[in-house]
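Quick notes on the structure that follows.
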Amino acid sequence: MVSRREIIGGAGAILLGALGYRAWDRGAFQSGSGEAYAPWDDWLQGEGIVRPIHSAVLAASPHDTQPWKFIAAGNTIEVMADRARNLGSFDPFRREMHLGIGCAVENLNIAGQAFGYTCNVFPVNGKLALSPSEQTVPAVQFGIDIGTAVHDRLFDMIPKRHTNRGPYYGDRTLTPQLLDEFHRTVDSPDVRLVLINDPIARGEFAALEVAATQAIIADKQMSTDSSQWFRTSKDEIRIHRDGVTMDTAGLPPLMVIGAKMLPDQGGPTADKYWLDMTRDTHAGTAALFGMIMVRDRLDMASAIAAGRAWQRLHLTATYYGVGAQPMNQPVEMVDRNAMLGRADSFAHALQHFAHMPGWEPTFTFRMGYAVRDALPSPRRALRDVLMSA
């Protein structure tokens with residue numbers, strides 16, 4: 001007869017085996033490693049005009065959708081908008097998509113100059129509008145000529161820049177000199193930067209971010225469209241090589257392991273978690289908030305210019321050891337309300353912090369000194385984004 005101790009021991013072994021398989025399947029003890037993360041290490045590879053594209057694919061993009069493709073021929077790189085990689089009702093005008101494309105263009109420009117090219121950027125002109133099209137369409141023509149190598153200090157920051165969704169040290173302020181540096185990085189005839197670090201204004205802006213997040217999770221379609229870009233298992237990351245992962249959610253390491261081991265959260269649970277994180281961690285610990293302003297948020301070239309500005313600003317923040325995270329919920333609600341033709345209060349609320357007649361926000365974010373370093377997000381391989389001429 002089998003003893004009780006043997007039965008318990010066998011059951012324990014089965015349980016440990018099951019837990020071990022679950023941990024392996026979910027990548028519980030793997031963070032930011034594997035083939036999906038190889039582009040962060042291989043960014044200096046390649047030759048000719050294809051070489052700077054390795055840097056372009058490491059750029060920021062909404063929900064890590066990576067909505068770009070590239071055609072390299074002769075002395076031209078054409079940056080394409082891969083409209084199939086969209087956020088649906090989260091980005092009905094594909095405005096945020098073009099912000100992401102602008103981020104890729106800025107990395108492309110910085111890397112191209114570092115590799116000895118003179119770069120000229122020609123964005124496609126046009127108005128962003130509601131469109132069901134999921135075609136891949138031209139967004140920017142990037143002209144390259146042989147020139148003198150210009151090693152911008154931000155070039156070395158390209159593989160170090162990661163979105164930090166964790167807590168910041170809210171009591172560690174950014175110096176006026178650093179804020180001036182941020183303005184010099186962004187301000188131009190086409191783009192303006194607004195920084196909000198006064199404690200009272202910061203609290204009001206935090207409340208606006210929470211209100212916009214509440215409006216988003218109350219919108220079933222927006223909640224559904226957002227959840228499609230969450231990658232919770234090792235296989236999902238390996239197959240898709242994009243999206244928001246548990247490793248980049250800003251949780252402490254032990255909580256990340258525990259969260260990976262648990263079943264995937266349902267929509268309402270995930271939404272509540274996001275709202276709590278927005279209120280308590282993202283908005284609650286920000287040292288400052290910021291807005292990138294343009295004349296017309298639905299002008300395609302302006303969206304691309306704003307994306308370039310954010311990429312350069314985030315690289316600059318990385319250079320100075322400052323964490324940064326997009327928190328664009330209020331502007332996303334402006335677009336959603338415009339899509340549905342309903343009254344909107346968020347645009348007016350954002351203007352309260354800007355005092356810039358004739359300009360409107362297209363991107364909002366937070367910054368601060370992070371409690372923990374951010375981990376890299378998965379990236380698609382060059383072969384997946386490089387198209388034939």
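The values are calculated or read from the model by the stated rules, or taken from the named source; none is laboratory data. Quantities reported herein were computed from a predicted structural model and do not represent experimental measurements. Every residue, glycine as well, gets a Cβ built from its backbone with ideal geometry; the counts of neighbours run over all protein chains shown. Ligands, DNA and RNA are excluded from the accessible area calculation, which covers all protein heavy atoms including side chains. Shrake-Rupley method; radii C 1.70, N 1.55, O 1.52, S 1.80 Å.
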* **0 to 90° range, to nearest 10: angle between helix 4-26 axis and the chain longest Cα axis** => 10
* Structure fact -> At 25 °C in a medium of viscosity 0.890 mPa s, the range 168-243 has a Stokes-Einstein diffusion coefficient, with Rh taken as the Kirkwood radius over alpha carbon pairs, in µm² per second, of 150
* Structure fact -> Over the range 264-389, with neighbouring protein chains present, the accessible area per residue in Å² at probe 1.4 Å is 38
* Heavy-atom accessible area ranking, 1.4 Å probe, most first, across Ile146, Ile158, Ile200 -> Ile146, Ile200, Ile158
* Asked: Which is the longest part of the chain that has none of the GluC sites (Glu not before Pro) sitting in a DSSP loop with at most 15 other Cβ atoms within 10 Å?
  -> 135-389
* Given a 1.4 Å probe and every protein chain left where it sits, what share in percent of the accessible area of the chain is carbon and sulfur? -> 56
* Could you name the lysines whose alpha carbon sits less than 18 Å from that of Lys234, not counting residues in the same chain fewer than 8 places away? => Lys260
* Asked: How do 184-190, 289-295, 137-143 rank on mean C-beta neighbours within 10 Å, highest first?
  -> 289-295, 137-143, 184-190
* Structure fact -> Given the candidates His352, Thr269, Met387, the one whose Cα lies deepest towards the positive end of the charge dipole of the chain, counting +1 at each Lys or Arg C-beta and -1 at each Asp or Glu C-beta, is Thr269
* Using only Cα atoms, tell me the angle between helix 95-114 and the longest principal axis of the chain; keep it within 0 to 90° and round to the nearest 10. => 80
* Compute the length gained on full extension between Asn75 and His348: take 0.36 nm times their separation in residues and subtract their Cα-Cα distance, giving the result in nm to one decimal. => 93.8 nm
* **Over the chain, equivalent-ellipsoid semi-axes from the Cα gyration tensor in Å** => 35, 27, 21
* To do: Identify, among Leu340, His151, Thr248, the residue whose Cα sits farthest towards the positive end of the charge dipole of the chain, taking +1 on the Cβ of Lys and Arg and -1 on the Cβ of Asp and Glu, with the dipole about the Cα centre.
  => Thr248
* **Residue order for Ser131, Ser33 - accessible surface, 1.4 angstrom probe, largest first** => Ser33, Ser131
* Asked: Pairing the Cα long axis of helix 329-340 with the longest principal axis of the chain, what angle in degrees results, from 0 to 90 and rounded to the nearest 10?
  -> 80
* **Estimated FRET transfer efficiency when R0 is 35 angstrom, pair Asp180-Asp235 (beta carbons, to 0.05)** => 0.15
* To do: Take every Cα pair under 8 Å in the range 256-389 that's 6+ residues apart, average their separations, divide by the length, and report that relative contact order as a whole percent.
  => 34
* **Antiparallel %, DSSP beta bridges [both residues in the chain], to 5** => 90
* To do: Please work out how much length the chain gains when fully extended from Ser188 to Ala389, using 0.36 nm per residue of separation minus the C-alpha to C-alpha distance, in nm with one decimal.
  => 69.0 nm
* Relative contact order (%) - the chain, alpha-carbon pairs under 8 angstrom, separation at least six -> 27
* Can you list the lysines whose alpha carbon sits under 25 Å from that of Lys127, skipping same-chain ones fewer than 8 residues off? -> Lys69
* Evaluated at 20 °C with a viscosity of 1.002 mPa s, what Stokes-Einstein diffusion coefficient in µm²/s does the range 329-384 have when Rh comes from the Kirkwood expression over alpha-carbon pairs? -> 147
* Surface/4 estimate of mean projected area, convex hull on alpha-carbon atoms of the range 214-331, nm² -> 9.1
